[in-house]
1. Compute the distance in nm between two label points, each set 7 Å from the Cα along the Cα-to-Cβ direction, one at ARG20 and one at LYS50.
2. Dipole magnitude of the chain about its Cα centre, charges +1 at Lys/Arg Cβ and -1 at Asp/Glu Cβ only, in debye to the nearest 20?
3. Mind listing which trypsin sites (Lys or Arg not before Pro) in the stretch 37-83 are in a DSSP loop and have 15 or fewer other Cβ atoms within 10 Å?
4. Any idea how far apart GLU79 and VAL61 come out in nm if each label point goes 7 Å out from Cα toward Cβ?
5. So what's the net charge close to GLU49: Lys and Arg +1, Asp and Glu -1, counting the other residues with Cβ under 10 Å from its Cβ?
6. What do you get for GluC sites (Glu not before Pro) in the chain restricted to DSSP loop and a cutoff of at most 13 other Cβ within 10 Å of the site's Cβ?
7. 7 Å from Cα along Cα→Cβ at both LYS72 and ARG33: what's the point-to-point distance in nm?
8. Once you have all Cα-Cα distances for the stretch 7-76, histogram them in 5 Å bins from zero and send the whole-percent values.
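Nothing in this text is a laboratory measurement; each read-out follows from the coordinates by a stated rule. Because the structure is predicted, anything quoted here is derived from the model rather than measured. Cβ: placed from backbone, ideal geometry, glycine included. Neighbour counts: every protein chain shown.
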Amino acid sequence: MSDLNTFTVTFPALISRINRRLKSENRRLRKSRSRAKSSIGHFYVFDLEKSSIVETHVDPVELARRIGVLHKWESVEAEGGAA
């Protein structure tokens, strides 16, 4: 089995991809403020129509793969800048 080349996606680009896909559902991936991280996690999905949180403790990479915006041959650069 041959190795596939991997391409690196920056973290901000990943968030943009996710939000473009979620836009059709009137949803958005948001980053928590410091005081709310313990209850809803670092990232959460917010429903813009209902003005409510619909998913908590979201792993952006896992979500991106689940909704099909990050392919198996792509890797994500860490939030701080290192792959």
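1. In this crude spin-label approximation the distance works out to 2.7 nm.
2. About 400 debye.
3. LYS50, LYS72
4. That separation, rounded to one decimal, is 1.3 nm.
5. Values: positive: ARG27, LYS50; negative: GLU25, ASP47.
Value of the local net charge: 0.
6. Sites meeting the loop and neighbour criteria: GLU49.
7. Here the answer is 4.2 nm between the modelled labels.
8. With a bin width of 5 Å, the distribution comes to 4, 17, 27, 24, 17, 8, 3, 0.
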